[in-house]
Amino acid sequence: MNRHPLRHINTFWLALVAVVLVTLALNPEWVSRESIADLLSGLGAGALGVYIAMSLSRAVLLIPCTPFVLAGGITFPEIPVAILIISLTGVVVGGYLVYSFPSLGDYDEYLEQKYPEKIARLKVHMHGPWSFWIMVGWSFFPLVPTDVICYVAGMTGLRYRKLALALLVGSIPLVTVYIFVGSEIGLWLRV
């Protein structure tokens, strides 16, 4: 019997998204340009601190960084470089947590059960001369979980500095695009 605590995480997030969408459909005035602009401008000075804390801790909750990067661009369109630095720091911190503490919350068992073929394939390739570029490509491609490459890098004994550099090189283009898109949305909402 599978008693893994994370086995229902996708169901939880899907249910949460469904509740939010139904709530917004029943209250369309909440998503008007004016109401969103009022919300964003009313966040105050502490909003950046909350954003930093959430960006650095999202990996513990198994939340992808994409929503946080977009939210940062939308909320703080006037400081895209700061959002880039915060987001990339969050990616590296999240990678470090999975690399160094994979058994935290039985996350290693979760990854092994969910992605056994990918993990087996990566274990073979992580000792080759192309391991750095495999990690860069893996972190660049948005449809694969970056946690898997961090987990395998930790299992195979790759140096963390090599992994962190690969995560940064692979993440910079996507994070930059997400921040640009979020900033444009944020500026449009405030016009």
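For region 85-138, which semi-axes, largest first and in whole Å, follow from the square roots of 5 times the eigenvalues of its Cα gyration tensor?
Largest first, region 85-138 gives 20, 18, 9 Å.
Quick check: convex hull of the Cα atoms in region 57-121, volume per residue, rounded to a whole Å³?
Hull volume normalised by residue count: 92 Å³.
On a full-extension model of 0.36 nm per residue, what is the gain between residue 120 and residue 159, subtracting their alpha-carbon distance, rounded to one decimal in nm?
12.1 nm
Over region 30-190, what portion of Cα pair distances is larger than 28 Å, expressed as a whole percent?
When all Cα pairs of region 30-190 are counted, 27 percent exceed 28 Å.
Using the crude model of +1 on Lys and Arg Cβ and -1 on Asp and Glu Cβ, and no other charge, please compute the dipole size for region 30-190 relative to its Cα centre, in debye to 20.
440
Between residue 127 and residue 89, what's the calculated FRET efficiency when r is the beta-carbon distance and R0 is 30 Å? Round to 0.05.
So, using R0 = 30 Å, E works out to roughly 0.55.
Considering only C-alpha atoms, what is the centroid distance from region 49-125 to region 141-167, in Å?
11
Seen from all sides and averaged, what is the projected area of the convex hull of the Cα atoms in region 97-186, in nm²?
Value for region 97-186: 6.4 nm².
Read-outs throughout are calculated quantities, based only on the coordinates presented, and are distinct from any laboratory measurement. Worth saying up front: this structure is predicted, and the values here are computed from it rather than measured. Neighbour counts are summed over all protein chains in view; Cβ atoms, including those assigned to glycine, are modelled from backbone coordinates with ideal geometry.
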